[in-house]
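> A single structure is presented below for examination.
The values are calculated or read from the model by the stated rules, or taken from the named source; none is laboratory data. Not measured: the values here are computed from a predicted model. For neighbour counting, all protein chains shown are included, and Cβ atoms are generated from backbone atoms with ideal geometry for every residue, glycine included.
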Amino acid sequence: MKMVRLLRSEKSRLPAALLSFMITAACMAQGEPELQAYRDKYQGYAVLHDLQEKDVTITMGKNGLPVTSIRNYASVLVLTNHAAAFAESKEYFNPQVKMESLKAYSRVPEGKSFRDIEVKHFVKSSEINDGLFYDDVYAYQFTFPAVSAGTRLITESVVLFDDPYYPVIYRFGGGMPSEISRLRVRVSEAVQLRYRLFGLDTSMVRHTVSKAGKNLVHTWEASLPEAYTGDEVSPASQYFVPHIIVHIVSYEHRGQRKTVMDKPGDLYDWYYGNIRQLDSLKSPEIDRFVDTLIMDCHDEAAKVRSIFSWVQQQIRYVAIEDGTNAYIPREASLVFKRRYGDCKDKSSLLRYMLRAAGLKAGLAWVGTRELPYSYADFPSMAVDNHMVCVWWSEKGEPVVLDATTRNHIPGEVPASIQGKECLVEKGPSDHALITLPVEEAEKNQVVDTFRLYFRDDKLLADVITNLTGENRISLLSLLQATEKHEYDKLIPGMIKFASNKFIARNVEYKDRNHNGQALTLTYSLEMPDYDTRQQDAVYVNLHLVRLFQKDMIKPGRRIPYQADHCYSYKQVCILEIPDGWKVGALPSASAKSFPGFGFEISYTQSANKVVMTSGITMNRLIVEGQELEDLRSFLVELNKASLNTVVLNK
């Protein structure tokens, strides 16, 4: 998932008052020596942001509410003649703000001067992002003309909004180096701000405050000489790219101080205002349907399972673009009639149906693991991007129900929101702030059992796989979305086999009726050219599945490593020794253990069989800091051990 967020843009710009002088001076001075100096400084890069700035002005409007105006400016300097790919660009906006202007042009050097060539054609498109709460972003796509070395690709825009709850988010870096990156916020003394820096290293961001009449001027400026790009299996860029979130805490109007966003309860009050009307909307049709759905249920848990499963299976997930309702769930009767909706809509229907069954339930806001923010640390609309429903059990315990999934059961928290804070509705002025559990490795197990044998001079295998937790759910979702005659093609594509030549046959699966027990997958495996043969010896590597074969942690890595979920993987390979052959050599046992992850491998021989048992545990969702070096050591040792082979001799 990618975060779709209010006022999102990968670029930022300079205030209009300074544009003419600064740009003209920079471009008049631009010549081959200056261009070469940039090339020397940013070796290996084709482009850089030589200047990007967001200029924010917050004033008190005539209606007594703060009004925010944002001027954006971004200049990308092209360092090479082979940069045509950077001609294609997009600017992102949210329908809930008013876009005053958008302009893009190429500033092309001509001798000691320059010429601006404007973009004439913009294509507007929706940028709906599956699974997200704020899914109504739109984009303008366009192509810069005359892209060559020394050209600056410049975009400018102005947006306005008058809702004090909307935060301003600014990224100081991104996919290219940044010579100057600046956020300037001019704010009336009547308005109190709160801000916080996020990212791996924010020490390069310099903050100054000055006065301009009755306004305070906050300036954050940074120079980032390296691009911030993801590494192998890295989390979302919000975890490592330096950025800042600014929002309004309170403002003064007519001598009275009005609170906007000071604590999580303030955010909840605003959110509750968006759902308050749902309580007055009744649906006799749904009420009657719920009665039939729970007719044979004898306790609350059974009622929840029946209702939750129905919403999961019968209400199709559709991300809906609707700027006016980006934060407001649709009424249950409409979702029930349509049989589709986004995460807010499915949660709204689920909440209504649970309450119709006499159960205590509420809506809840949560950020997926793409967002590293916390309500407790920094309450803001930037913290969440998803909605779920919570059932309060007979014991008074909150049970999260995410109806956008198809195969989770009550009590199972999807991996995408594990470990995150959840802001739960309890009433008009009452809420709960809970932290969702992280399922430990033993809850998410995969056990592969391979029986290897030679037949007609070919190496074959019969396979039984048992999966629980998130592993079961992920595989079941894939199987449900695939025609049965395509199963044989599905298996090699989703399992990290040691060879891409492996061929799966006769794939079957059994799942025990959504009760959380193991899913069992069976299939046969053909492994052409996998074993190595000499005149009187055969070499067989029993590590048929290699989870980390392509993963690499570079020395000195700073970008965190992210696992989809905590898990335990066990591989048992039983090699039947052909008649007339014997074991020439068995690899030694090996192991490596760290607090959050480890592996253990052993080999044994019994009669005419060699058994390799391999166990791998990953008990971290995020690996960062010093643990990255431990993870690198773990992967090096595991991949080294995975190269060992069993030798058979005549």
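> Mind checking which residues of region 278-288 are assigned to a helix (DSSP H, G or I), surrounded by fewer than 16 Cβ atoms within 10 Å (Cβ to Cβ) and in contact (Cβ under 8 Å) with a residue 12 or more places away in the chain?
Here is the first cut: in region 278-288, the residues assigned to a helix (DSSP H, G or I) are 278-280, 284-288.
If we keep only those that are surrounded by fewer than 16 Cβ atoms within 10 Å (Cβ to Cβ) too, we end up with 279-280, 284-285, 287-288.
Selection gives Glu285, Asp287.
> Can you tell me which residues in region 344-360 are in contact with a strand residue (DSSP E or B) (Cβ under 8 Å, 6 or more places away or on another chain), surrounded by fewer than 24 Cβ atoms within 10 Å (Cβ to Cβ) and of a type in the set (A, V, I, L, M, F, W, C)?
Leu359, the sole residue that qualifies.
> What's the number of the condition Leu542 fails, among (1) in contact (Cβ under 8 Å) with a residue 60 or more places away in the chain; (2) surrounded by fewer than 16 Cβ atoms within 10 Å (Cβ to Cβ)?
Result: Leu542 passes all but (2).
> Continuing with the same structure: So which of Leu521, Leu478 is free of Cβ contacts under 8 Å to residues at least 40 places away in the same chain and closer than 21 Å to Arg406 by Cα?
Exactly one of Leu521, Leu478 is free of Cβ contacts under 8 Å to residues at least 40 places away in the same chain and closer than 21 Å to Arg406 by Cα, namely Leu478.
> Something else: State whether one or more residues within region 623-644 are out of contact with any Phe, Trp or Tyr (no Cβ under 6 Å at 6 or more places or on another chain), surrounded by fewer than 18 Cβ atoms within 10 Å (Cβ to Cβ), of a type in the set (Gly, Ala, Ser) and farther than 27 Å from Glu439 by Cβ.
no
> Being surrounded by 20 or more Cβ atoms within 10 Å (Cβ to Cβ), more than 26 Å from the chain's Cα centre (by Cα), closer than 22 Å to Tyr228 by Cβ and not hydroxyl-bearing (Ser, Thr, Tyr) is true for just one of Arg152, Arg107. Which residue is that?
On the way: Arg107 fails: closer than 22 Å to Tyr228 by Cβ.
Answer to the check: Arg152.
This table checks each residue for (1) under 20 Å from Gln314 (Cα atoms); (2) at pLDDT 95 or above; (3) out of contact with any Asp or Glu (no Cβ under 7 Å at 6 or more places or on another chain).
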site	(1), (2), (3)
Ser347	yes, yes, yes
Arg355	yes, yes, yes
Lys360	no, yes, yes
Trp365	no, yes, no
Tyr375	no, yes, no
Ala382	no, no, yes
Asn385	no, no, yes
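> Follow-up question, since we're still on this one. Which of the residues that make up region 36-69 are outside any strand (DSSP E or B), among the basic types (Lys, Arg) and touching a residue at least 12 places away in the same chain (Cβ under 8 Å)?
Passing the criteria: Arg39, Lys41.
> Moving on. I need a count of the residues in region 524-539 that are without any contact (Cβ under 8 Å) to a residue 40 or more places away in the chain and exposed (fewer than 11 other Cβ atoms within 10 Å of the Cβ).
3
> Got at least one residue in region 227-241 being surrounded by fewer than 18 Cβ atoms within 10 Å (Cβ to Cβ) and within 16 Å of Ser178 (Cα to Cα)?
yes
> Could you tell me whether Asp291 is in the same structural domain as Leu349 (by TED's automatic domain parsing), in a helix (DSSP H, G or I), over 30 Å from Ile559 (Cβ atoms) and not polar (S, T, N, Q)?
Yes: the conditions hold for Asp291.
> So Arg455 fits all but one of (1) in contact with a strand residue (DSSP E or B) (Cβ under 8 Å, 6 or more places away or on another chain); (2) more than 30 Å from His408 (Cβ to Cβ); what number is the exception?
(1)
> Quick check on my filter: what residues within region 400-441 are surrounded by fewer than 21 Cβ atoms within 10 Å (Cβ to Cβ), in contact with a helix residue (DSSP H, G or I) (Cβ under 8 Å, 6 or more places away or on another chain) and of a type in the set (Gly, Ala, Ser)?
Ser429 - this is the single residue of region 400-441 that is surrounded by fewer than 21 Cβ atoms within 10 Å (Cβ to Cβ), in contact with a helix residue (DSSP H, G or I) (Cβ under 8 Å, 6 or more places away or on another chain) and of a type in the set (Gly, Ala, Ser).
> For region 88-104, check the following and say yes or no: at least one residue is touching a Pro at 6+ places or on another chain (Cβ under 8 Å) and either at negative phi or acidic (Asp, Glu) (or both).
Looking only at region 88-104, we keep the residues that are touching a Pro at 6+ places or on another chain (Cβ under 8 Å), and these are none.
No, every residue in region 88-104 fails to be touching a Pro at 6+ places or on another chain (Cβ under 8 Å) and either at negative phi or acidic (Asp, Glu) (or both).
> Any residue in region 244-252 that is among the small types (Gly, Ala, Ser) and not in a strand (DSSP E or B)?
no
> Restricting the search to region 441-466, which residues are at pLDDT 95 or above and part of a loop (DSSP other than H, G, I, E, B)?
Selection gives Asn444 alone.
> If you don't mind, there's one more thing I want to ask. Taking region 70-82 as the search range and keeping residues that are at pLDDT 90 or above and outside any strand (DSSP E or B), which one is nearest to Arg39 (Cα to Cα)?
Leu79
> Is it true that Val583 is assigned by TED's automatic domain parsing to the domain that holds Glu470 and surrounded by 18 or more Cβ atoms within 10 Å (Cβ to Cβ)?
So Val583 does not fit the description; no.
> While we're on this one: Only one residue in Ser524, Ser602 is closer than 29 Å to Asn471 by Cβ, in contact with an Asp or Glu (Cβ under 7 Å, 6 or more places away or on another chain) and part of a strand (DSSP E or B). Which one?
Result: Ser524 is the single residue among Ser524, Ser602 that is closer than 29 Å to Asn471 by Cβ, in contact with an Asp or Glu (Cβ under 7 Å, 6 or more places away or on another chain) and part of a strand (DSSP E or B).
> Continuing with the same structure: Here are Val191, Val290, Val233, Val249: which of them is among the hydrophobic types (A, V, I, L, M, F, W, C), more than 23 Å from Ser75 (Cα to Cα) and touching a Lys or Arg at 6+ places or on another chain (Cβ under 7 Å)?
Being among the hydrophobic types (A, V, I, L, M, F, W, C), more than 23 Å from Ser75 (Cα to Cα) and touching a Lys or Arg at 6+ places or on another chain (Cβ under 7 Å) holds for just one of Val191, Val290, Val233, Val249, which is Val249.
> Then there is this: Output the qualifying pairs, or none if there are none: Cβ atoms under 7 angstrom, residues six or more apart or on different chains, first residue in region 393-404 and assigned by TED's automatic domain parsing to the domain that holds Ser347, second residue part of a strand (DSSP E or B) and at pLDDT below 95.
Final answer for the pair search is Thr404/Tyr317.
> Quick one: in region 482-501, which of the residues that are under 19 Å from Cys573 (Cα atoms) and free of Cβ contacts under 8 Å to residues at least 40 places away in the same chain is surrounded by the most Cβ atoms within 10 Å (Cβ to Cβ)?
Only one residue tops the list, namely Ile491.
For (1) within 16 Å of Leu638 (Cβ to Cβ); (2) more than 36 Å from the chain's Cα centre (by Cα), each residue gets a yes or a no:
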| site | (1), (2) |
| --- | --- |
| Ile553 | yes, no |
| Arg557 | no, no |
| Val572 | no, no |
| Pro578 | no, yes |
| Ala589 | yes, yes |
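> Okay, next question. Of the numbered conditions (1) modelled with pLDDT of 85 or more; (2) buried (at least 17 other Cβ atoms within 10 Å of the Cβ), Phe93 satisfies every one except a single condition; which is it?
It is condition (1) that Phe93 fails.
> Please go through region 387-425 and give me each residue that is at pLDDT 95 or above and of a type in the set (D, E, K, R), ordered by number.
Glu397, Asp402, Lys420, Glu421, Glu425
> Can you find, within region 545-571, the residue that is modelled with the highest pLDDT among those that are closer than 20 Å to Lys443 by Cβ and surrounded by fewer than 17 Cβ atoms within 10 Å (Cβ to Cβ)?
Here the residue is Lys570.
> Can you work out which of the residues in region 85-108 that are among the polar types (S, T, N, Q) and without any contact (Cβ under 8 Å) to a residue 60 or more places away in the chain is farthest from Gly175 (Cα to Cα)?
Among those that are among the polar types (S, T, N, Q) and without any contact (Cβ under 8 Å) to a residue 60 or more places away in the chain, it is Ser101.
> Restricting attention to region 335-357, report how many residues are more than 29 Å from the chain's Cα centre (by Cα) and without any contact (Cβ under 8 Å) to a residue 24 or more places away in the chain.
2
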